[in-house]
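One structure below.
The values are calculated or read from the model by the stated rules, or taken from the named source; none is laboratory data. The model shown is predicted, which means the values in this text are computed figures rather than measured ones. Here Cβ is always computed from backbone atoms with ideal geometry, including for glycine, and neighbour counts include all displayed protein chains.
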Amino acid sequence: DSPSKVGLAVFGGETRVEAQVGKFNRNLKGFLKALDALKPPGGQTLTGHALQYVTRNGFVSQPVFADVSDDLPRVVVLLTATPAADDVVK
């Protein structure tokens, strides 16, 4: 059993969590189906806002992390088609 957990969020002018971390454990087909069904929210590409949102809300206070060692890395994979419209590095 792997400690790897996956969640899914989409961003544009706003950031939406489409699947909480841990929803697709052992369900690659479900994850790929959810990924294919994503609809961009539109608006500006607020990459900095999305990264802040995910790091503040995507990795903390999640019951799925209760059995995961705190020293394991948390990784965000960001896919975007346009340059950021906001400050990404602060």
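Restricting attention to the stretch 1-18, which residues are farther than 15 Å from ASP87 by Cα and part of a loop (DSSP other than H, G, I, E, B)? Passing the criteria: ASP1, SER2, PRO3, SER4, LYS5, VAL6, GLY7.
Considering the stretch 1-32, and only residues there that are loosely packed, with under 12 Cβ neighbours inside 10 Å and among the charged types (D, E, K, R), the residue that is nearest to THR47 (Cα to Cα) turns out to be LYS29. Within the stretch 1-37, the set of residues being more than 15 Å from the chain's Cα centre (by Cα) and touching a residue at least 40 places away in the same chain (Cβ under 8 Å) comprises just one member, PRO3. Residues of the stretch 38-74 that are assigned to a loop (DSSP other than H, G, I, E, B), modelled with pLDDT of 80 or more and either surrounded by 11 or more Cβ atoms within 10 Å (Cβ to Cβ) or within 15 Å of the chain's Cα centre (by Cα) (or both): LEU38, LYS39, PRO41, GLY43, GLN44, THR45, LEU46.
If we scan the stretch 39-46, do we find a residue that is touching a Ser or Thr at 6+ places or on another chain (Cβ under 6 Å) and under 16 Å from ALA81 (Cα atoms)? Yes: one or more hits. VAL21 falls short on exactly one of the conditions (1) part of a loop (DSSP other than H, G, I, E, B); (2) among the β-branched types (Val, Ile, Thr); (3) in contact with a strand residue (DSSP E or B) (Cβ under 8 Å, 6 or more places away or on another chain), and that condition is (3).
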